[in-house]
1. Can you pull out every residue in the range 77-94 that is surrounded by 12 or more Cβ atoms within 10 Å (Cβ to Cβ) and over 13 Å from residue 116 (Cα atoms)?
2. Sort out which residues of the range 105-126 are part of a loop (DSSP other than H, G, I, E, B) and either on the phi > 0 side of the Ramachandran plot or more than 6 Å from the ligand (Cβ to nearest atom) (or both), and write them in order of number.
3. Hey, among 49, 100, 63, 39, which residue is at pLDDT 95 or above, part of a helix (DSSP H, G or I) and more than 10 Å from the ligand (Cβ to nearest atom)?
4. Does residue 55 satisfy being at pLDDT 95 or above and surrounded by fewer than 21 Cβ atoms within 10 Å (Cβ to Cβ)?
Amino acid sequence: MFRTAESTAWADPRQDACIEPKEIAVDSNRRVFLFQVIAGGAVAASNGAHAQQKVDPKDPQAAALGYVENTTQADKKKFPKHANDQKCNGCQLYSGAASAKEGPCAVFGGKLVAAEGWCNSWVKKA
Ligand code: SF4
């Protein structure tokens, strides 16, 4: 590229076209804008992917362990050792905050269980 004698525009001998410096700046800003949009979308998608899933009581593993979102709904015939004071937030395998309504459970690979929930793997928090 070279400057023509008549103007301050840049000439591209390969395309026989002129590119004004202002156009270059706009094009550069457009590229930056598009990059920011794409990067922002990637971050949003990434956050979505990391959002924790809740354990579905109907999931085969959860159903086998008798998981319920409220400990009072546990099947007492099938799980006679269950007691209503056994709740996920009092279980060794629960890692949610004390005041949280739900938190990750190690048995379910870190998926969220209800703080008031229960399953047959309940172990009293030490
Ligand atoms: S292992 Fe503990 S925290 Fe996890 S679902 Fe069963 S009772 Fe709740």
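1. Answer for the range 77-94, where residues must be surrounded by 12 or more Cβ atoms within 10 Å (Cβ to Cβ) and over 13 Å from residue 116 (Cα atoms): 79, 82, 92, 93.
2. 106, 108, 109, 110, 111, 115, 116, 120, 123, 125, 126
3. Numbers: 49 fails: at pLDDT 95 or above; 100 fails: part of a helix (DSSP H, G or I); 39 fails: at pLDDT 95 or above.
Unique residue meeting the criteria: 63.
4. Numbers: at pLDDT 95 or above: yes; surrounded by fewer than 21 Cβ atoms within 10 Å (Cβ to Cβ): no.
When the stated conditions are applied, residue 55 does not pass them.
The values are calculated or read from the model by the stated rules, or taken from the named source; none is laboratory data. Computed from a prediction, not measured in an experiment: that's the story for all the values here. Glycine also receives a Cβ, built like all others from the backbone with ideal geometry; neighbour counts cover every protein chain displayed.
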